[in-house]
Structures are given as structure tokens and as C-alpha cells.
Amino acid sequence: MVGKFAGTSAASIGVVFFTFLSGVLVARMLGPEARGEYGSILLIALTATPLASLSYFDGVVVSLRSGARTSTEDLPAVIPSGLLVASFLTLIVGVSLAILLPFLGLTLIEVSNANFLLISVAIAATTFVSSVFISIERSMLRFDRFNLSRLLSPALYSMLLLLFWTVARDRINVATALWLFIIAKTPIIFVWAWVFRKRLLSRLDPRFARRAGAAGLRLHIAPALTVLAGSMDRLIGVAAWDNAVLGQYFVAFSAVGAGIGVISSSLSAILLPYLSATPKSQRPVRISRLLRLTFLASAMFVAVGFVVLPIVIPLFYGQAFAPSVRFALFMLVAMSIQPLRVVVLEASRSLGAAMPSTVIALTSIAVLWVGYFLTGYRDPVLLIVFLGLANLSSTVIGAWNLHRDADLKFDRSILPTLDDAVLFRSLFFRSKGSGE
């Protein structure tokens, strides 16, 4: 467990580093108002894409990992069927956003409506096509190229932005930054296509596509609600604030999310298989320890963040984003609960329970909308306070489900022990090759 977590953390740190670097460069080159427009467009495109996916590619993984036929027999059908489905899903994204555009609350200044739709469709297309190949790798439990794909796109995007920073800093605008983002996502698709070149022209199998689609639809409610819950604060912000305020909020979210992302993404990748393989008799003890370790990591993150963020944001993002420090400090506390929620969610999933993830997401969404109706979120800090309440209440509800279903003892799951501190230290400083 320790070695796997350390290895996954290393990959996640790389992704977070390049995402942070690209966020700094975009903020520096665009300024607060244009950064708000950039973030709004990217947010809506990246939210619409998984919602429109209908979890088809998760269904592909399920279909390849189970059923009467073996994955080897079904594998040739995945790519041609997946590419056809990806085209259809991309069309859904384009048509849906064209219909919903007047109701999204977007303030488009540098990007036209037509260019917004074109950019959104391009983001959806590259995401769906990549998902075709990634679903094959996931079904075979091969994660090396998958981790490479996660790392390559933000790394290329950062390099493209650095190039523009050097040679054409004054000419970059919102549309340019977004098209560079899309361009950075395409090389990995050519890598996938080369790896699976012998299967690109395989015969279509409508039966496999229907089976994968049906499996995906059965899974889709929980992930769709999770995506909405994770984006809801910013979606409300898009409707409630102007682009200048949004730019400050997006920078605060990016700065805080960089650290939270390392903890949460590593936990999310490792916990489900780890806990699923744990005997039921040992599971409550291990979940309790994981909660204590995560609590310790979150507490350290908050302590470091209060010292670092007031220096990092003006230094890296520029003085124009100094107002983001106030938002970031509140957000630091509000988001520190998220890693605990990841442990609770993945522990519930390891028990085969799908309902807790749905309840957790619905609780978050409900709390954020209650806050909107009570306050209107005229001050972004109010939204951040309710974001923290949403994270806390949804985590408590998830933990209560664990208490009921896995006999989790709350008195043993909160305060870390000395042994936890020793293990926590080994988790981050033990050499990568010495893992279990």
C-alpha cells in the first residue's frame, strides 16, 4: 500500500505541478477579467463532457472485465465502436451547449458564441477519443501509458504557454489559450493510435456497443452527480459574478486545489482496489487508520497553506491577483475536508455500495443551492463558506453510512496516533522502490 501510494502520488504531483504552472502562465498573460472568461469556458466544456459521456467508457471497462466472453474476444470491437460512440457523444455536447448557451450566464467578451461552441466540441472530441484507448488500458489493469497520458497533456500545455510567453506574450488572448489547451491534448491520441494501430480498422460490433452502453447507463447517475457537485460552486459563480471576480476566484481555487489534488487523486486511485482486497474483518480497522492519516495530511496542508498562500499567489500569479489571497485562505479550510470525503466515498464503494456516492453528491449540491437562496453569494467568501459546509455535511453523511455498513468506530477514526505519524512519514519519504 505504501509503495503504491507513493508511486501514484509521484505521478499526481507531476500532473498537479504542470497544471499549476499552466494556471500561473494563463493568469499572468490574461489578467483577472480574461482569466475569468477563460475559466468559465473551460469549466462548462469540462463539465458538459463527462455528463454527456453517459459513462459509456466505464461501461466498456465493465464489459471487458466481466461477462461470458473474454476481454480478448471483445477487444477488437472496442476501438471502432468506441470511436463511433465518441463522435455521437461529441455531437450531444455541441447540440446541448448550443441550446443551453442563453441560460448558462456566460459573459463572453473575447470569445464569440460560435468559437465557444467550437472550442467546447473540440475539448469533448479529444476527451472522448482518448477515453476509447484509456478504457482498454484500464480493463487490462495497465496504467503506465494511462499515467503518461495524464502527465503529457498538462506538460505540453505548459511548454506551449511558455513558448508564447517568450515570443508573443502580448498577443495571447482567451481563444488562443483555449486552443493551445486543445492542441496539447492531441499528441497522446496519436500515441494511442500508434499503439493500437492493428485494431483501428477492426469490425464494428453493435452488440458489444449496446452492452457497454447499458452498463455505462447503470453506472452514470453517481458519477454525473459527483461531477456536478465538484463543479457546482464555480457554475454558480459563473452565473452570479462578473469575469473579474471570477478570475480571482478561479486563481484561488487553482492555488488551493493544487495541493488538495495531490492528496485526493492519489487516494482515489489506490483506495478502491486496496480496500476491496482487504478481508471484511480487517476493513474497519484499516478504514479508521486511513481516515486518521488523511486527517493528519489535511491538517498539515492547512497549516502550510496559511503560511505559503499569501506569498505564493502575488509572487507567481502577479499583484493583479492579490485579492485572491483572501478567497484562498477561506477556501483552504473549506477544501481541506475533501480528502476525508474521498476516503469515505472509496471505502463505501469497496463495500459494493453505490448509494452513498449519490447521497454525498446530492448533499453537496443541496447545501450550495440553499446558500445561494439565502445569501445570493454577492461576496464570494459566502460561497466558499457554504462550500465548506457542503464538504463537511456530505462527509459526515458518508461516514455515518460507513458506521452503519462497516461498523466504523468514530472514536478511533479522527485523532492520529504516534504510530500514524510514523507511517505518515514513511508514506512520503520511503523510497519508491521499497513499496509493498
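The numbers here are math on the coordinates, done by the rules we state, and not lab data. Note that the structure is predicted; figures quoted are calculated from it, not measured. With ideal geometry, Cβ positions are generated from the backbone for all residues, glycine too; neighbour counts draw on all protein chains shown.
Summary of computed values
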{"quantity": "Where labels lie 7 Å past Cα in the beta-carbon direction, separation of ILE99 and ALA214 in nm", "calculated": "2.6 nm"}
{"quantity": "Cα-projected label distance for ASP170 with THR358, points at 7 Å along beta-carbon direction, nm", "calculated": "5.7 nm"}
{"quantity": "Peptide ranges 201-210, 161-170, 129-138 listed from the most packed, as the mean C-beta count within 10 angstrom indicates", "calculated": "129-138, 201-210, 161-170"}
{"quantity": "Span from the the range 359-407 Cα centroid across to the the range 194-256 one, whole angstrom", "calculated": "21 Å"}
{"quantity": "Distance in nm between pseudo-label sites at LYS198 and THR186 (7 Å out along the Cβ direction from Cα)", "calculated": "2.9 nm"}
{"quantity": "Modelled FRET efficiency - R0 41 Å, LEU163 with HIS403, Cβ distances, 0.05 increments", "calculated": "0.20"}
